[in-house]
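Shown next, in structure tokens, is the structure this report addresses.
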Amino acid sequence: MTGSGPFEIPDHIPVTSTSQRLVLNRRGSTVWDVETSAGRVAIKLGYPSQTHAWTALAPAREGAILQELGSSAVTYGEWDHGTWNVQPWHEGTDLQELWTSHRTRGGLADPPVRDALACARALAELHDKGLAHGDVQPAHLILDAEPTRATLIDLALARGVQVPEPFDFPYRGCLVHYESPEISRRVLEDGEAVPTREADVYALGATLFMAATGWRHVEYPDDASRPEQRRAIVNGTHRLVNVTGMLGALINDMLRYHADDRPTTHEVCKTLEQAAA
């Protein structure tokens, strides 16, 4: 165990900062927002967490995926406690924060359809490139206001391109609040699973529901263990989708229990485009 961080940026990472700000330190990841003479970048440092060793490899795995997707500005490598990557900073606000003023618990949420459409388009673009994200959640969707567009970040768990063997690791699920029943079932049975586009659609539905209402899509105690959370997803039904209009109906379709019953990302986009017109 290397400790809980946050960790300073190692000297050998090829970035000369003019200023830096700690953004995040949790679950085996320290993230810095760094200003350089060439622009603003994010620097991610991975290290073993209290529950997972793979978090140390996640930044390099993400860096390799981003390079395969054509991001020439991304670099990655190893440091004393794990791996790192440097990537362009994405301006904007994450979906959970952006919808704070629209969110209501127990009432009828009515968030902007254009934001949901931007998120769906970002996921559809990734799917069109042959990848499944594997970790769709509100914090991983960054939205710009003008024009409304979304960037899907944190691709460390994605599948669909070759990753160098030293930095690869099995997929053992994601933040359980957004897991589909089939992913939760496989993790409970086998300890690992394979991300799919259908599971991403389910996760996007759970993401929109969480951002709009503040509730997890499946009910379980806040202190429930991860196996208990997954069993609730596998055995239970999701909460009533109390989001108004077409968006609520669409979220309900995205949260269908069986993968084949869910719409594709392009079908989700088409429905949202019609509503936004």
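Scan segment 251-271 residue by residue and report those that are charged (D, E, K, R), part of a loop (DSSP other than H, G, I, E, B) and in contact with a Pro (Cβ under 9 Å, 6 or more places away or on another chain).
Of everything in segment 251-271, just one residue is charged (D, E, K, R), part of a loop (DSSP other than H, G, I, E, B) and in contact with a Pro (Cβ under 9 Å, 6 or more places away or on another chain), namely 256.
Consider residue 239 carefully, then state whether it is charged (D, E, K, R) and crowded, with 16+ Cβ neighbours inside 10 Å. Can you show your working first?
Details: charged (D, E, K, R): yes; crowded, with 16+ Cβ neighbours inside 10 Å: no.
It is false that residue 239 is charged (D, E, K, R) and crowded, with 16+ Cβ neighbours inside 10 Å.
Of all residues in segment 243-277, which are surrounded by 15 or more Cβ atoms within 10 Å (Cβ to Cβ), more than 24 Å from residue 184 (Cα to Cα) and polar (S, T, N, Q)?
Across segment 243-277, the qualifying residue is only 271.
Among the numbered criteria (1) more than 19 Å from the chain's Cα centre (by Cα); (2) under 28 Å from residue 219 (Cα atoms), which single criterion is violated by residue 145?
(2)
Please state which one of 16, 93, 30 is in contact with a strand residue (DSSP E or B) (Cβ under 7 Å, 6 or more places away or on another chain), within 24 Å of residue 170 (Cβ to Cβ) and not basic (Lys, Arg).
30
From the list 118, 212, 145, 124, pick out the single residue that is touching a helix residue (DSSP H, G or I) at 6+ places or on another chain (Cβ under 7 Å) and under 17 Å from residue 94 (Cβ atoms).
Values: 118 fails: touching a helix residue (DSSP H, G or I) at 6+ places or on another chain (Cβ under 7 Å); 145 fails: touching a helix residue (DSSP H, G or I) at 6+ places or on another chain (Cβ under 7 Å); 124 fails: under 17 Å from residue 94 (Cβ atoms).
The match here is 212.
Residues are listed down the side, and each one gets a yes or a no for (1) closer than 20 Å to residue 139 by Cβ; (2) polar (S, T, N, Q):
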| residue | (1), (2) |
| --- | --- |
| 168 | no, no |
| 189 | no, no |
| 198 | no, no |
| 205 | yes, no |
| 216 | yes, no |
| 232 | no, no |
| 241 | no, no |
| 252 | no, yes |
| 276 | no, no |
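If you check 272, 204, which single one turns out to be in contact with a strand residue (DSSP E or B) (Cβ under 9 Å, 6 or more places away or on another chain) and closer than 20 Å to residue 150 by Cα?
Only one candidate passes the filter, namely 204.
Those residues that are of a type in the set (Gly, Ala, Ser) and surrounded by fewer than 17 Cβ atoms within 10 Å (Cβ to Cβ), I need them from segment 18-43; list them, please. First the steps, then the outcome.
Restricting attention to segment 18-43, the residues satisfying the condition of being of a type in the set (Gly, Ala, Ser) are 19, 28-29, 37-39, 42.
Result: 19, 37, 38, 39.
Residues in segment 44-83 that are within 19 Å of the chain's Cα centre (by Cα), surrounded by fewer than 19 Cβ atoms within 10 Å (Cβ to Cβ) and not in a loop (DSSP other than H, G, I, E, B): how many?
Residues in segment 44-83 being within 19 Å of the chain's Cα centre (by Cα), surrounded by fewer than 19 Cβ atoms within 10 Å (Cβ to Cβ) and not in a loop (DSSP other than H, G, I, E, B): 2 in total.
Looking only at segment 103-161, how many residues end up being more than 13 Å from residue 211 (Cβ to Cβ), part of a loop (DSSP other than H, G, I, E, B), of a type in the set (Lys, Arg) and modelled with pLDDT under 95?
Final tally of qualifying residues: 0.
Could you list all residues from segment 110-137 that are touching a Gly at 6+ places or on another chain (Cβ under 8 Å) and touching a residue at least 60 places away in the same chain (Cβ under 8 Å)?
Hits for segment 110-137 are 110, 129, 131, 132.
Condition check: over 18 Å from residue 254 (Cα atoms), surrounded by 22 or more Cβ atoms within 10 Å (Cβ to Cβ) and free of Cβ contacts under 8 Å to residues at least 40 places away in the same chain. Does residue 193 satisfy that? Lay out the reasoning, then the answer.
Numbers: over 18 Å from residue 254 (Cα atoms): yes; surrounded by 22 or more Cβ atoms within 10 Å (Cβ to Cβ): yes; free of Cβ contacts under 8 Å to residues at least 40 places away in the same chain: yes.
Here the answer is yes, as residue 193 does meet what is asked.
Does residue 203 meet the test of being under 21 Å from residue 236 (Cα atoms), surrounded by 22 or more Cβ atoms within 10 Å (Cβ to Cβ) and in contact with a Phe, Trp or Tyr (Cβ under 6 Å, 6 or more places away or on another chain)?
yes
What pairs come up if the first residue lies in segment 151-173 and is closer than 21 Å to residue 186 by Cβ and without any contact (Cβ under 8 Å) to a residue 40 or more places away in the chain, the second is buried (at least 16 other Cβ atoms within 10 Å of the Cβ) and among the aliphatic types (A, V, I, L, M), and their beta carbons are under 7 Å apart, counting only those six or more places apart or on different chains?
From residues that are closer than 21 Å to residue 186 by Cβ and without any contact (Cβ under 8 Å) to a residue 40 or more places away in the chain, the pairs are 159/131; 159/132; 160/131; 160/132; 171/157; 171/193.
The values are calculated or read from the model by the stated rules, or taken from the named source; none is laboratory data. These numbers were taken from a predicted model, which means no experiment stands behind them. When we count neighbours, we look across all protein chains shown, and the Cβ atoms used for this are built from the backbone with ideal geometry, even at glycine.
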